[in-house]
Amino acid sequence: QVQLVESGGGLVQAGGSLRLSCAASGRTFSTYAMGWFRQAPGKEREFVAVISATGSRTDYADSVKGRFIISRDNAKNTVYLQMNSLKPEDTAVYYCAANRGYFTDSARLYTYWGQGTQVTVSS
């Protein structure tokens, strides 16, 4: 079992930055690929970024590429999402998720999910 707790969300003006954190329980964090997803009101959950278990590989949705950076610290059981140049369309609840075995942007392949943290970007 892996429990995930996100933090770092909030209200920011367009062009600003936020860093989300996702703290994981358990001793096997370093064996899980970690993803960030988001869901805006009235929209489906969408992929944002993924990082491999070792941190050697990352991938991003086109909408955030060049603005967001995913990273992890396996010693701290934590994955991060640095969000820069934020836009109003980035407003959503952001979720982190874990899966063992897949470097993927498919939400259905993730086993564990956090409760989400709200990010609101004002224009």
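The values are calculated or read from the model by the stated rules, or taken from the named source; none is laboratory data. Keep in mind it's a predicted model, so treat the numbers as computed, not measured. Heads up, the Cβs are rebuilt from the backbone with ideal geometry, glycines too, and the neighbour counts pull from every protein chain shown. Quick note on the areas: whole protein, heavy atoms, side chains included, nothing else; ligands and nucleic acids left out. Shrake-Rupley method; radii C 1.70, N 1.55, O 1.52, S 1.80 Å.
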- prompt: When the chain is modelled as a GNM with alpha-carbon springs shorter than 10 Å, which of Arg38, Arg67, Arg100 fluctuates the most?
  reply: Arg67
statement: When the charge dipole of the chain is computed with +1 on Lys and Arg Cβ and -1 on Asp and Glu Cβ about the Cα centre, the Cα farthest towards its positive end, among Ala61, Asn77, Trp36, belongs to Asn77
- request: For Lys87, go through the lysines and keep the ones whose alpha-carbon is under 18 Å away, minus same-chain ones fewer than eight residues off.
  value: Lys43, Lys65
query: Contour minus end-to-end for Thr111 and Asp59, with contour as 0.36 nm per residue of separation and end-to-end as the Cα-Cα distance?
result: 16.8 nm
message: Using DSSP to call loops (not H, G, I, E or B), can you name the GluC sites (Glu not before Pro) in the range 1-84 whose Cβ has at most 14 other Cβ atoms within 10 angstrom?
response: Glu44
message: Antiparallel versus total DSSP beta bridges in the chain: what percent is that, nearest 5?
response: 90
- prompt: Around Val2, what is the net charge, scoring Lys/Arg as +1 and Asp/Glu as -1 over all other residues with Cβ under 11 Å from its Cβ?
  reply: +2
statement: Heads up, the chain by the C-alpha gyration tensor (a ≥ b ≥ c square roots of eigenvalues; a/c under 1.5 rounded, else a/b over b/c prolate, else oblate) looks prolate
- line: Around Val79 (Cβ within 9 Å, Cβ-to-Cβ, excluding Val79; K/R +1, D/E -1) the net charge comes to 0
- request: Apply the Karplus parameterisation 6.51 cos²θ - 1.76 cosθ + 1.60, with θ equal to phi minus 60°, to every residue of the range 101-116 and state each ³J(HN,Hα) to the nearest whole Hz, in sequence, with x for glycine and proline.
  value: x, 10, 8, 9, 9, 8, 4, 5, 8, 8, 8, 10, 9, x, 8, x
message: Quick check for you: with a 1.4 Å probe and neighbouring chains kept, what is the accessible area per residue of the chain, in Å²?
response: 51
task: Specify the residue with the greatest mean-square fluctuation among Asp90, Asp62, Asp105, computed from a Gaussian network of the chain linking alpha-carbon atoms under 10 Å apart.
output: Asp62
Rounded FRET efficiency, nearest 0.05, which uses the C-beta distance separating Tyr102 from Val5 and R0 of 25 Å: 0.70
